[in-house]
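Worksheet: the structure to be examined is printed underneath.
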Amino acid sequence: MQINKYRSHIIISLLSLFLLFFCINLYFKEREVQQQRTVADPELKSADNEVNSKDDKLSATTQEQKQPEQKQPEQKPIRNAIASLAKKEDIQDSSDPSTLKKLLIKKGIYFGDFLGNEDVELAAPRPANFLTQINQYFNLYTVPAWFHHVELKNGQYDFRGIDEVADFAVAHGAKIQMQSPVWWYVPDWVKKGNFTPDELKNILKNHIQAVMRHYRDKYPGAVLSWAIVNESMSDSPDFNPKYSLPNGLRSNLPIWNVIHKPGSNDPTDYIQLAFEWAHEADPTAKLYWTEFNVEYKGFKMDRWFNIVKQLKDKGVPINGVGFQTHLYQGYNHPFSELTENMDRFAAIGLTSEITELDAIMSTTSPVDPPLFRPTIIGSPTQVDFDKQGKLFAGVISACIKAQKCDAIILWGEWDPTSSTNTQYKNKLTGNPLGKMHANILDDNLKPKPAVAAMVNAARQLISK
C-alpha cells in the first residue's frame, strides 16, 4: 500500500511537470508566431525590434512607430519618419529643393556640396537621376583638385577627372570652390622622394601655380574661392613636440614645413609662400585656409586665429578661412560660438566659409570611439533625425548671423555614399564603425528633416 501511495505521488508529479512543459512550449510557440507576424507585417514592427535589427537599412519608408501597450484609438503607423518630422509649412517650403539656396543667396551666401569623380560618372550605387536630383539643391560645388589627383608624377599633370566635376558645375550655372594644394596628404612620389627643402619648395610652387593657372584660364569667373592651405594646425593642447610646433602648427604630418624663406626659420614660412605663390598665379582669386575642430572656443581656434592674424599683419594675401564643421549628436554644440569665431576673423578683414558640413549619427566622437560601447546610432529614430536637423539648422543660422560668411558647403549629400561610412574604425577590429547617416538626403534621395530645418532657420532670419 505504501508503495502504491508513492507511485501515485510520482505519477501526479510527472503529470504536473508534463503539463507545465506543455504550457511553456505552447507559450513560446505562440510568441514565435507573433514575432513572425511582426517581421512579416511592418505595421506590427515595434521600436524595440527596429533598434535590435541593426543590419536593416534605414530609409524614409521603413521607420515605424511603437504601438501603444494599452488599448487606445487606432493610430496609423508612421511609414515615413522623415516626412512626419517636418511641419506643414516647412514641407511647403522644402518641397522645392531650390528653396534654401534661393533664400541664402539673398544674404550673399552660397549653398554648396562636395562633388567627386564618382558622382559625375554615376558610379554605383548612384542612380541615373542622381545628378539631376542633387543639383536642385546647390549653386556651388567643391572640386577636389588635390595634389594626388592632378600631379601624378613630378611635373606631369592630369586634370581630366577633376575637370569633369568643374564642367558639371559650370554647365549648371554653379560656382566652384577649389581644394587644396597645400595639405599633408601627398602622393608617394613626393613623400618618398627624398627631396631637399629647396627641391620641395620648387615642387610646391610649381604645383600651386600650374593648378591655379589651369582653372583661372579654363573657368574664368567661376571660382568662388581657393582653399590653399588645409589642416596645418595641431590638435595637441599641451604643445607635445611629437605633434605640435611651439606656435600650434603640426609638427608630424606636413612634409612642407621644412620649406623656409631665405635666412628664416619661421614655421609659417611655407604657408606664407603658398599664399604668395597662389596670388602670383591668379591675383583675382580669393585665398582661404581651412581647419577642423576650430568651430567653437578653444586652444586650437585661438592659436589658429593668432597665426592667421600674424600673416595678415605681414601682408600675406589671405582672404578668408574655412571651418570644416564635422558634427556629431552626442555633443551640445554652441553655435553662437561659431558665429563669434567667424566674427573674430571678420574684424581683421577676412571672410569665413563652412567647408565640409556633415552631422553623423553618433553618441560619441567617432575619431576616438570607446572600446566596448557602440558609438553609432545604427537604427536612427524620429528623435535622432530631429536632432540632426537641429545641427544643420544651427550651422545655417550661425553663418547667416555672422558678419562675413559667404558659403555653406556640405561634405556630401547622400547617406549611402558618405565617406563617414568607411572613415571611422573600430579600435579593436579595425573595421568601419558602420553607416553614419551623416547627410541631408536619405537612401532614396529624399530630403531628411534636416532640409526642412535648414529652410525654416533661413526663413526666420532672411526676409522672403
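The values are calculated or read from the model by the stated rules, or taken from the named source; none is laboratory data. This one's a predicted model, so the numbers in the text were calculated from it and none came from an experiment. Quick reminder, even Gly has a Cβ in these numbers, built from the backbone with ideal geometry, and neighbours come from all protein chains shown. Remember, those area values only see protein heavy atoms, side chains included, never the ligands or the DNA or RNA. Shrake-Rupley method; radii C 1.70, N 1.55, O 1.52, S 1.80 Å.
At-a-glance table
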{"item": "Qualifying positions in the stretch 123-150 - farther than 20 Å from Lys101 by Cα, without any contact (Cβ under 8 Å) to a residue 60 or more places away in the chain and not in a loop (DSSP other than H, G, I, E, B)", "result": "Pro144, His148, His149"}
{"item": "Glu276 being under 24 Å from Pro144 (Cα atoms), modelled with pLDDT of 95 or more and open to solvent by 10 Å² or more (accessible area, probe 1.4 Å)", "result": "yes"}
{"item": "In the stretch 168-193, the residues that are surrounded by 14 or more Cβ atoms within 10 Å (Cβ to Cβ) and charged (D, E, K, R)", "result": "Lys175"}
{"item": "Residue that is farthest from the chain's Cα centre (by Cα), among those in the stretch 194-248 that are on the phi > 0 side of the Ramachandran plot and surrounded by 15 or more Cβ atoms within 10 Å (Cβ to Cβ)", "result": "Phe239"}
{"item": "Options Glu280, Glu276; residue that is part of a helix (DSSP H, G or I) and under 21 Å from Trp184 (Cα atoms)", "result": "Glu276"}
{"item": "Members of the stretch 106-122 that are farther than 14 Å from Gly173 by Cβ and either within 20 Å of the chain's Cα centre (by Cα) or part of a strand (DSSP E or B) (or both)", "result": "Ile109, Asp113, Phe114, Leu115, Gly116, Asn117, Glu118, Asp119, Val120"}
{"item": "Failed condition for Ile162, given (1) without any contact (Cβ under 8 Å) to a residue 24 or more places away in the chain; (2) in a helix (DSSP H, G or I); (3) buried (at least 17 other Cβ atoms within 10 Å of the Cβ)", "result": "(1)"}
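A quick yes/no check of all residues on (1) basic (Lys, Arg); (2) free of Cβ contacts under 8 Å to residues at least 40 places away in the same chain; (3) in contact with a Phe, Trp or Tyr (Cβ under 9 Å, 6 or more places away or on another chain):
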site	(1), (2), (3)
Glu231	no, no, yes
Pro241	no, yes, no
Pro246	no, yes, yes
Ile255	no, no, yes
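Yes or no, residue by residue, for (1) under 17 Å from Leu357 (Cβ atoms); (2) within 10 Å of the chain's Cα centre (by Cα); (3) without any contact (Cβ under 8 Å) to a residue 24 or more places away in the chain:
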position: Ile408; (1), (2), (3): yes, no, no
position: Pro416; (1), (2), (3): no, no, no
position: Thr422; (1), (2), (3): no, no, yes
position: Thr429; (1), (2), (3): no, no, yes
position: Leu433; (1), (2), (3): no, no, no
position: His437; (1), (2), (3): yes, yes, no
position: Leu441; (1), (2), (3): yes, no, no
position: Leu445; (1), (2), (3): no, no, no
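Okay, residues lined up against (1) basic (Lys, Arg); (2) in a helix (DSSP H, G or I); (3) under 15 Å from Lys448 (Cβ atoms); (4) modelled with pLDDT of 90 or more:
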residue: Pro366; (1), (2), (3), (4): no, no, no, no
residue: Pro369; (1), (2), (3), (4): no, no, no, no
residue: Phe372; (1), (2), (3), (4): no, no, no, no
residue: Pro380; (1), (2), (3), (4): no, no, yes, yes
residue: Gly389; (1), (2), (3), (4): no, yes, yes, yes
residue: Gly394; (1), (2), (3), (4): no, yes, no, yes
residue: Ile408; (1), (2), (3), (4): no, no, no, yes
residue: Asn421; (1), (2), (3), (4): no, yes, no, yes
